[in-house]
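Structure record follows, encoded as structure tokens.
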Amino acid sequence: MNILVINCGSSSLKFQLIDSETEKWIAKGLCERIGIDGSMITYTPAGGEKEKKVIPMPDHTEAIRLVLETLTNEKTGVVKDLSEIGAVGHRIVHGGEKFAASTIIDDEVMKAIEECNDLAPLHNPANLIGIHACQKLMDGTPMVAVFDTAFHQTMPAKAYMYGIPYEYYEKYKIRRYGFHGTSHSYVSKRAAEVLGEKYEDLKIIVCHLGNGASVSAVKNGKCVDTSMGLTPLEGLIMGTRSGDIDPAVIEFLAHKENMTVEEVLNVLNKKSGVYGLSGNISSDFRDVEQAQAEGNEKADLAMQAFHYRVAKYIGAYVAAMNGVDAICFTAGVGENGSMNRKVICEYLGYLGIALDEEANNKRGEDMVISTKDSKVKVLSIPTNEELAIARETNALVNK
Ligand code: AMP
């Protein structure tokens, strides 16, 4: 069955058509600047040329219509008509406490997703618009919601509760939710397969290090802790996000710089991380690494702080699980940045970790990068959130 995977942002829409039998993508693309002047679609059919077209997309319905038209286009399309698309899997950012697993979308589910809008005001409304648009144009095609937060719903209360008055949890559901769940789940399962061990027998730490970055502790197949919180701002130092800070910094900065709370949060979300720490060199880790190599001191500090924070979280999660069998690196920096993996692992000698330098210098495949006698296995595993969404969708639709 062909499954269309949709990841809808406020002004963008990523899509991938995946054959659930071969698990290969048939076509993929991106609509950008939806509702803004100069909107464009990028489209690549498997084995074909990538094409880019500037074309008006006043709203998400129009973007989805264009995606479907492109997929069924006589010349460059990959399916004859929409009946060849068996189901749609939608990535939904926040499922709150309502969703601990993916689910078939119906009116009740739509309502429940809408009730989580408060928790992800930038993302969930866009995700809902994407579902509405698909329902309008693909009437009768089963749709599945796959939540970024669902995998982390197994965390115990001691890990997800903040040390603030309990009534705020009761009133507003303020707690740690965690994100990148589809990636943490996919990568931890894949690690068990690569190691030839039972998923349920392992203690795994997954470091999803991309522009957004998070770490999770997966014990016996269940997430027991993760670094992102109520929102994706908490935890590691990221491309532009600060990660953990003393919350008092917000009031302090607001007074000193005469900013509103919203403005300070904008700084913490968009102007911080390695971008801010490096003195605004770039939010792209490759640029910051390059500047570090050229001797830029702030870039060096930004990279050091990034690595140090990851190593600290790993240490915390070893304590949380009373041990660790495997540490996995994934996402842009985790999959490709061999230097980053090396520096982070240098902090972990106390765990008996030894990296295999040659394996660590490869990229793009699932692999063990620690030596044979390393006490803890270290792996590099390219994440594939789209495939994970297609698998979940397929499983639910064919239940
Ligand atoms: P993602 O958010 O997973 O797409 O990851 C994007 C980030 O991965 C960007 O900041 C890239 O600079 C970073 N990245 C990609 N390739 C490399 C590499 N070879 N070394 C270090 N960082 C990389």
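Just one of the listed residues (89, 96) is assigned to a loop (DSSP other than H, G, I, E, B) and within 21 Å of residue 179 (Cβ to Cβ), namely 96.
Examine region 195-207 for a residue that is part of a loop (DSSP other than H, G, I, E, B) and without any contact (Cβ under 8 Å) to a residue 24 or more places away in the chain, and state whether such a residue exists. Yes, there is a match, as at least one residue in region 195-207 is part of a loop (DSSP other than H, G, I, E, B) and without any contact (Cβ under 8 Å) to a residue 24 or more places away in the chain.
Just so you know, in region 212-234 the residues that are within 16 Å of the ligand (Cβ to nearest atom) and in a strand (DSSP E or B) include one that is surrounded by the fewest Cβ atoms within 10 Å (Cβ to Cβ), and it is 215.
When region 371-393 is limited to residues that are among the small types (Gly, Ala, Ser) and surrounded by 22 or more Cβ atoms within 10 Å (Cβ to Cβ), the one that is nearest to residue 334 (Cα to Cα) turns out to be 380. Where helices (runs of 4 or more DSSP H) fall wholly inside region 294-369, the ranges with 2 or more residues that are closer than 22 Å to residue 244 by Cβ and among the hydrophobic types (A, V, I, L, M, F, W, C) are 297-321, 331-336, 338-346. Within region 327-342, the set of residues being under 17 Å from residue 239 (Cα atoms), open to solvent by less than 10 Å² (accessible area, probe 1.4 Å) and of a type in the set (Val, Ile, Thr) comprises just one member, 330. Suppose we keep only residues that are touching a residue at least 60 places away in the same chain (Cβ under 8 Å) and within 14 Å of the ligand (Cβ to nearest atom) within region 339-373. Which one would you say is farthest from residue 293 (Cα to Cα)? It comes out as 344. Within region 265-282, residues that are touching a residue at least 40 places away in the same chain (Cβ under 8 Å) have Cβ atoms under 8 Å from residues that are surrounded by 17 or more Cβ atoms within 10 Å (Cβ to Cβ) and of a type in the set (D, E, K, R) in these pairs: 277/298, counting only partners at least 6 apart in sequence or on another chain. With respect to the conditions (1) without any contact (Cβ under 8 Å) to a residue 40 or more places away in the chain; (2) on the phi > 0 side of the Ramachandran plot, residue 243 falls short on a single one, namely (1). Against the criterion of being exposed (fewer than 13 other Cβ atoms within 10 Å of the Cβ), within 19 Å of residue 137 (Cα to Cα), charged (D, E, K, R) and at pLDDT 95 or above, residue 81 does not qualify. If you go through region 140-180 and keep only what is closer than 25 Å to residue 103 by Cα and of a type in the set (Val, Ile, Thr), you end up with 141, 144, 146, 149, 154, 174. Given the criteria away from the ligand (no atom under 11 Å from the Cβ), under 15 Å from residue 213 (Cβ atoms) and open to solvent by less than 40 Å² (accessible area, probe 1.4 Å), does residue 299 qualify? No, not satisfied.
Checking each residue in region 31-86 for being among the β-branched types (Val, Ile, Thr) and assigned to a strand (DSSP E or B) picks out 41, 42, 44, 54, 85.
Checking each residue in region 115-154 for being assigned to a loop (DSSP other than H, G, I, E, B) and surrounded by 22 or more Cβ atoms within 10 Å (Cβ to Cβ) picks out 116, 120, 123, 148, 149.
The values are calculated or read from the model by the stated rules, or taken from the named source; none is laboratory data. None of these values were measured; they are calculated from a predicted model. Here Cβ is always computed from backbone atoms with ideal geometry, including for glycine, and neighbour counts include all displayed protein chains. Please note that ligands, DNA and RNA were not included when accessible areas were found on the heavy atoms of the full protein model with its side chains. Shrake-Rupley method; radii C 1.70, N 1.55, O 1.52, S 1.80 Å.
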